Amino acid sequence: VVSTQSTESSGINAEYGNLMPADSVCHDLISWTPEVALSGDLKPVDLLENTVCIGRVTHVTSPECVWVQICRSVTGTDYLAQLATLTDNITDTLGRKIYDMRKSLLPVSEIKEGTSCAVLLESRGYRGTVICPGTPDNDVHQVRLVDFGTPHSFTELFRLDSYYLAMPALAVKCSLAHIAKVEGDPVWPESASKYLGDMLAECFVKVRVVEAGHIPKVELYTELGPNNKNSKYVNRELVYDAYATWID
């Protein structure tokens, strides 16, 4: 089940603020830009270097491929509330279009890798991007929900109205900074991905961008307790438990 709830995120801003490096930037990241909508592109949030925000990890392939959903700025802007409204609107739009399937469905000829679309999952409408289109022999399309980072399979893809392109995608593909594979490991072990997934399941994290780019390098801090005593620096935890080596 995809969750858009933001009920727990509002109470953690002050705690995460205490962990922020003194030179970190605390500004709102999300803006609705009609110019982007007109271009027809669905782009993720642009994470600038040294920016700090609050998010949650929604999908892990490896420590170099961690999908982070941006949930809230440390100044208090609630992006999940905006996403909930957006999702409600897409659901309503698809509910009306469902009666005219010929106009609302994307024809197979238009479905390519990177195509923006709307999809229905458990009767809710979401924004997606095609990551692997179907074939003439298999009409199942692999789609990533751009606000969650999670991959799903669909046989029906709907046109995404340009209005819904204006808000940047909230899920950003990131790489954990300062770490590398253990010497001798040709690839990241699946156990490292499972370790991250288990550690970060159902919790919010502070995200600090160390290096901006197509795949931002980030630091993650999680599990805050009283006086921050139980906070974990996720990047270091991988090293402590021998899943990675530390690099400066």
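The values are calculated or read from the model by the stated rules, or taken from the named source; none is laboratory data. Fair warning: this is a prediction, and the values are worked out from it, not measured in the lab. Neighbour counts are summed over all protein chains in view; Cβ atoms, including those assigned to glycine, are modelled from backbone coordinates with ideal geometry. Please note that ligands, DNA and RNA were not included when accessible areas were found on the heavy atoms of the full protein model with its side chains. Shrake-Rupley method; radii C 1.70, N 1.55, O 1.52, S 1.80 Å.
I'm trying to understand the selection: among the residues of segment 65-81, which are touching a Phe, Trp or Tyr at 6+ places or on another chain (Cβ under 7 Å) and either open to solvent by 20 Å² or more (accessible area, probe 1.4 Å) or small (Gly, Ala, Ser) (or both)? Correct list: 74 only. Looking across segment 147-170, just one residue is touching a residue at least 60 places away in the same chain (Cβ under 8 Å), open to solvent by 60 Å² or more (accessible area, probe 1.4 Å) and polar (S, T, N, Q), and that is 162. A residue that is polar (S, T, N, Q), modelled with pLDDT of 90 or more and either within 17 Å of residue 192 (Cα to Cα) or over 22 Å from the mean Cα position of the chain (by Cα) (or both) cannot be found anywhere in segment 213-232. Report yes if residue 144 is open to solvent by 10 Å² or more (accessible area, probe 1.4 Å), touching a helix residue (DSSP H, G or I) at 6+ places or on another chain (Cβ under 8 Å) and either of a type in the set (Lys, Arg) or modelled with pLDDT of 95 or more (or both), otherwise no. So residue 144 fails the test.
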